[in-house]
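Comments concern the structure below.
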Amino acid sequence: MSLDGAYDPANIFAKILRGEAPCVRVFEDEHVFAFMDVFPQSKGHTLVIPKHSTARNFLEEEPQVVGPLMLGVQRVARAVRAALKPDGVMISQFNGAASGQTVYHLHFHIIPRWDGVPLGRHAGGGMADKEELKALAAEIAAKIA
Ligand code: 5GP
């Protein structure tokens, strides 16, 4: 997959948005949907995606979607911080396979980090326990302001 190409409505995040694939939901509003990454790079790794979008990456996104999306990313990142008390919060986003992108519906990663705890592998670590993800999602959701 390159930077260019057509949006595939069968991508996994589109299926999650349509309720055709499972996920552990954290938060949603009119504009954004947040859920736990199932192959987390740290405890509390959360993804935020635009709900009304066929952008494969950030470069393609309509400007009017970017504003509400970034507000959603900040809102969820603040909740992750409040819930999990990390030492730092990494926010990342990849455009094109060469940059590390593996799912082609625009998304932002919110990855809490703790001093001395190495970052897990991107999109390639072990699958998280669903009950643990549900507990983390509930903690984060409770801190959405
Ligand atoms: P990308 O590599 O495109 O930046 O990020 C895709 C992310 O989606 C990875 O962090 C990967 O762990 C996550 N992911 C892949 N498949 C699924 C899935 O079916 N459910 C969830 N919740 N996350 C997924």
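Bear in mind that the values in this text are calculations on the coordinates, not laboratory data. Note that the structure is a prediction, hence the values are computed from the model and not measured. Note that each Cβ is placed from the backbone with ideal geometry, even for glycine, and that neighbours are counted across all protein chains shown.
Relative contact order for the chain: 33 percent, from Cα pairs under 8 Å spaced at least 6 residues apart, divided by residue count. What whole-number distance in Å separates the alpha-carbon centres of segment 90-130 and segment 1-33? Answer, in whole Å: 16.
For a straight C-alpha distance cut-off of 12 angstrom, the aspartates and glutamates reachable from Lys134 (same-chain residues fewer than eight places away being disregarded) are Asp37. Report summary: the helix-based calculation at 222 nm, which adds -39500 (n - 2.57) for every DSSP H run with n ≥ 4 and divides by the residues of the chain, gives -9000 deg cm²/dmol. Roughly how tilted is helix 130-141, in degrees to the nearest 10 and between 0 and 90, from the longest Cα axis of the chain? Long axis of 130-141 versus the principal axis of the chain: about 90 degrees.
Extension gain for the segment Glu62 to Asp87, taken as residue separation times 0.36 nm less the Cα-Cα distance, is 5.7 nm to one decimal.
Around Glu28, with a cut-off of 14 angstrom between Cβ atoms, what is the net charge of the other residues, counting Lys and Arg +1 and Asp and Glu -1? Charge balance in the 14 Å sphere: +2. Seen from Pro68, the other residues with C-beta closer than 15 Å to its C-beta sum to a net charge of -3, counting Lys and Arg as +1 and Asp and Glu as -1. Remark on Val32: its backbone amide H falls under 5 Å from those of Lys51, a criterion applied only to residues 5 or more positions apart or on other chains, H modelled at 1.01 Å from N.
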